[in-house]
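A.B. asks: Attaching a single structure in structure tokens format; questions to follow.
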Amino acid sequence: MADVKFELITRRLQEVLGGDIIKAILAEGRTPKCYWGTAPTGRPHIGYFVPLTKIADFLRADVEVTVLLADVHAFLDNLKAPLELVAHRTQYYKKLLLAVFTSLGIPTSKLRFVEGSSYQLSREYSLDNYKLCTLVTEHDAKKAGAEVVKQVESPLLSGLLYPGMQALDEQYLGCDFQFGGVDQRKIFTFAELYLPRLGYAKRAHLMNPMVPGLGGGKMSSSDPNSKIDFLDPPEVVRRKIKNAFCEEGNTAENGVLAFVKAVLIPVSELRIERQQGKTGADAEEGASAIGDQTPFALEGAPDGTVFSVFRKEEYGGSLHYKSFDELEADFAAKKLHPKDLKTAVADGIIRLLDPIRAAFEQDEEWKKTEKLAYPDPNAKPEKKKKVYHPPPPGKGKNAKLADGAAGPAAPEGQAAPSAHAPDATSTTGAPEESNPAAS
Ligand code: STL
């Protein structure tokens with residue numbers, strides 16, 4: 001039993017550090033606890049299906065999963081999420097992640113969502129953060145964040161705090177292992193080194209492979225056409241897939257093939273396993289799923305098909321695959337044309353996104369949050385409010401009044417506030433006409 005769970009927890013990962021920690025917990029019959037963190041910055045794209053399908057495995061192995069909405073990290077990283085937007089983005093991410101989990105048939109009652117700011121501003125956490133600052137060299141902090149924190153010409157101090165706080169999150173969220181992409185590796189090894197120096201336990205780290213974007217490069221690139229948004233309608237999905245880099249016979253840097261491998265096939269397998277009654281730790285798993293829950297196989301496909309590609313009879317008829325390796329081999333041998341593959345992948349993505357967009361359309365609060373979280377950059381800026389600048393002492397229309405009479409009266413023994421003091425009336429920003437003190 002422990003072996004089966006360990007296999008489920010670690011399958012399809014690129015790397016596992018500290019697997020013995022998890023094995024020991026399972027051997028004792030205890031429930032491992034894990035967390036996955038995401039910083040609510042830009043609009044999440046369908047690359048998020050990759051960690052989320054892995055989280056489905058954790059839950060099936062009865063792991064307690066926490067999703068950290070790392071709101072403080074979202075602005076520590078070069079203000080990727082400006083402070084005034086971060087709360088809205090956190091809510092947007094939460095709504096979206098809940099809808100995606102539901103669409104995958106993952107019971108969200110098994111998940112705990114935590115906002116970073118709910119504990120990262122506490123006295124204890126702050127003190128640990130400062131303690132860590134006395135242990136970590138600037139060099140080590142920089143190195144740890146090199147792949148995750150945006151690299152800029154004039155690096156800010158906040159980027160140096162990022163890795164240390166992520167390490168502390170493991171302690172404060174009470175996890176046994178942290179899960180993330182292999183891009184987090186330097187932060188993970190940093191945490192393994194420094195948590196014990198604070199007297200805390202070293203945690204295990206499980207890493208997913210990185211999945212290339214549709215341009216063949218990193219999915220999180222700033223080119224909006226290389227990423228498919230969770231709310232993109234079918235025609236936009238088709239256009240973006242059509243423009244994706246997917247060269248005949250070339251399986252390297254092929255974002256379309258990579259998506260089949262990392263998302264469509266694992267989702268198909270999950271659905272097939274459920275059809276067979278293999279629901280893992282939770283018998284109710286999948287019961288509350290919304291949307292079509294059949295694998296990405298065409299009608300009439302042989303049993304065990306995890307991915308089908310439709311083709312007219314005159315082009316040789318449809319293709320059915322039981323594994324990614326078979327699909328990849330056909331593509332490499334040019335037996336499968338990019339155009340046919342792209343159509344099948346677009347169909348699959350449209351099916352995955354359908355219930356998520358439907359959930360969005362039905363949720364007025366979510367729609368409002370979306371507008372606030374990601375305001376239209378082309379919208380006309382609001383007219384700037386007129387700011388009240390007080391005249392220097394002795395000038396302006398009240399200058400003839402006796403000193404101090406126009407402003408708040410000074411209590412006995414105290415000087416009247418000066419125009420330069422922070423509590424002077426000027427800081428209200430109220431326009432002169434509506435300033436009762438001036439009328
Ligand atoms: C991103 C993109 C990504 C991962 C993260 C952020 C992770 C953030 C994070 C923050 C604090 C933690 C753990 C993870 O404790 O792929 O923008």
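Just so you know, all these numbers are worked out from the coordinates, no wet-lab data involved. What you are looking at is a predicted structure, and each value in this text was computed from that prediction instead of being measured. Glycine also receives a Cβ, built like all others from the backbone with ideal geometry; neighbour counts cover every protein chain displayed.
A.B. asks: Which one of ALA39, ALA289, ALA2 has its Cα pushed farthest toward the positive end of the charge dipole of the chain, where Lys and Arg give +1 and Asp and Glu give -1 at the Cβ?
C.D. replies: Going by the charge dipole, the pick is ALA39.
A.B. asks: Where the centroid of each part is defined by its Cα atoms, how far is the stretch 113-141 from the stretch 171-206 in Å?
C.D. replies: Between the Cα centre of the stretch 113-141 and that of the stretch 171-206, the gap is 13 Å.
A.B. asks: Explain nothing, just the number: dipole magnitude of the stretch 47-90 about its Cα centre with +1 on each Lys and Arg Cβ and -1 on each Asp and Glu Cβ, in debye rounded to the nearest 20. All intermediate terms of the calculation are to be shown ahead of the outcome.
C.D. replies: On the way: 4 positive and 6 negative charges, 30 e Å.
Here the stretch 47-90 has a charge dipole of around 140 debye.
A.B. asks: OK, next. Tell me which aspartates and glutamates have Cα within less than 19 Å of LYS386's Cα, excluding those fewer than 8 residues away on the same chain?
C.D. replies: Straight-line reach from LYS386, under 19 Å: GLU432, GLU433.
A.B. asks: Further, regarding this structure: Net charge around THR369, counting only other residues with Cβ within less than 13 Å of its Cβ (Lys, Arg = +1; Asp, Glu = -1)?
C.D. replies: Numbers: positive: ARG43, ARG89, LYS94, LYS95, LYS367, LYS368, LYS371; negative: ASP363, GLU364, GLU365, GLU370.
Overall, the nearby charge balance is +3.
A.B. asks: So, one more: Which of LYS80/LYS371; LYS54/LYS339; LYS95/LYS227; LYS143/LYS240; LYS33/LYS142; LYS261/LYS334 have a Cα-Cα distance over 25 Å? Mind showing how you got there, number by number?
C.D. replies: Numbers: LYS80/LYS371 17 Å; LYS54/LYS339 29 Å; LYS95/LYS227 20 Å; LYS143/LYS240 35 Å; LYS33/LYS142 29 Å; LYS261/LYS334 18 Å.
Pairs exceeding the cut-off: LYS54/LYS339; LYS143/LYS240; LYS33/LYS142.
A.B. asks: Now, a different point. Whole Å is fine, so just give me how far the alpha carbon centre of the stretch 1-23 lies from that of the stretch 239-312.
C.D. replies: Distance between centres, Cα-based: 23 Å.
A.B. asks: Show that you can apply the helix-only estimate: for the chain, add -39,500 (n - 2.57) for every DSSP H stretch of four or more residues, divide by all residues, and state [θ] at 222 nm to the nearest 500.
C.D. replies: Working: 16 runs with 174 residues, N = 439.
Value at 222 nm, helices only: -12000 deg cm²/dmol.
A.B. asks: While we're on this one: Within the stretch 170-205, list the chymotrypsin sites (Phe, Trp or Tyr not before Pro) lying in a DSSP loop whose Cβ has at most 16 other Cβ atoms in a 10 Å radius.
C.D. replies: Details: sites: TYR172, PHE177, PHE179, PHE188, PHE190, TYR194, TYR200; in loops: TYR200.
The qualifying sites are TYR200.
A.B. asks: What ranking of CYS246, CYS133 emerges when the number of other C-beta atoms within 10 Å of each C-beta is taken as an exposure proxy, fewest first?
C.D. replies: CYS133, CYS246
A.B. asks: Also, quick follow-up: Counting pairs of alpha carbon atoms under 8 Å apart in space and at least six apart in sequence, what relative contact order in percent does the chain give? Mind dumping the intermediate values first?
C.D. replies: Details: 619 pairs, mean separation 71.4, N = 439.
About 16 percent, as a whole number.
A.B. asks: Considering the options GLN151, GLY181, LEU352, tell which one lies farthest towards the positive end of the dipole of the chain, charges being +1 on Lys and Arg and -1 on Asp and Glu at the Cβ, about the Cα centre.
C.D. replies: GLN151
A.B. asks: May I pose another question? Which order do the peptides 300-309, 370-379 come out in when sorted by mean C-beta neighbours inside 10 angstrom, highest first? Write out the running numbers ahead of the final one.
C.D. replies: Working: 300-309: 17.3, 370-379: 11.8.
The densest-packed peptide leads the list: 300-309, 370-379.
A.B. asks: Per residue and in cubic angstrom, what volume does the convex hull of the Cα atoms of the stretch 204-341 have? Can you show the working numbers first?
C.D. replies: Details: hull volume 21.0 nm³, N = 138.
Dividing the Cα hull volume of the stretch 204-341 by its residues yields 152 Å³.
A.B. asks: How high is the relative contact order of the stretch 23-141, given as a whole-number percent (alpha carbon pairs under 8 Å, six or more residues apart)? List each step's numbers first, then the result.
C.D. replies: Numbers: 117 pairs, mean separation 32.3, N = 119.
Computed over the stretch 23-141, the figure is 27 percent.
A.B. asks: Here's something else I'd like to know. Rounded to the nearest 20 Debye, what is the dipole magnitude of the chain about its Cα centre when Lys and Arg each give +1 and Asp and Glu each give -1 at the C-beta? Mind showing how you got there, number by number?
C.D. replies: Numbers: 55 positive and 59 negative charges, 188 e Å.
Result for the chain is approximately 900 debye, rounded to the nearest 20.
A.B. asks: Can you return the aspartates and glutamates within cross-link range of LYS5? Criterion is Cα-Cα under 19 Å, with same-chain partners fewer than 8 residues away left out.
C.D. replies: LYS5 reaches GLU15, ASP20, GLU28, ASP57, ASP62, GLU64, ASP176, GLU269, GLU273, ASP282, GLU284, GLU285.
A.B. asks: Quick one: dipole size for the stretch 290-340, taken about the Cα centre, charges +1 on Lys/Arg Cβ and -1 on Asp/Glu Cβ, in debye to the nearest 20.
C.D. replies: Working: 6 positive and 10 negative charges, 41 e Å.
Roughly 200 debye for the stretch 290-340.
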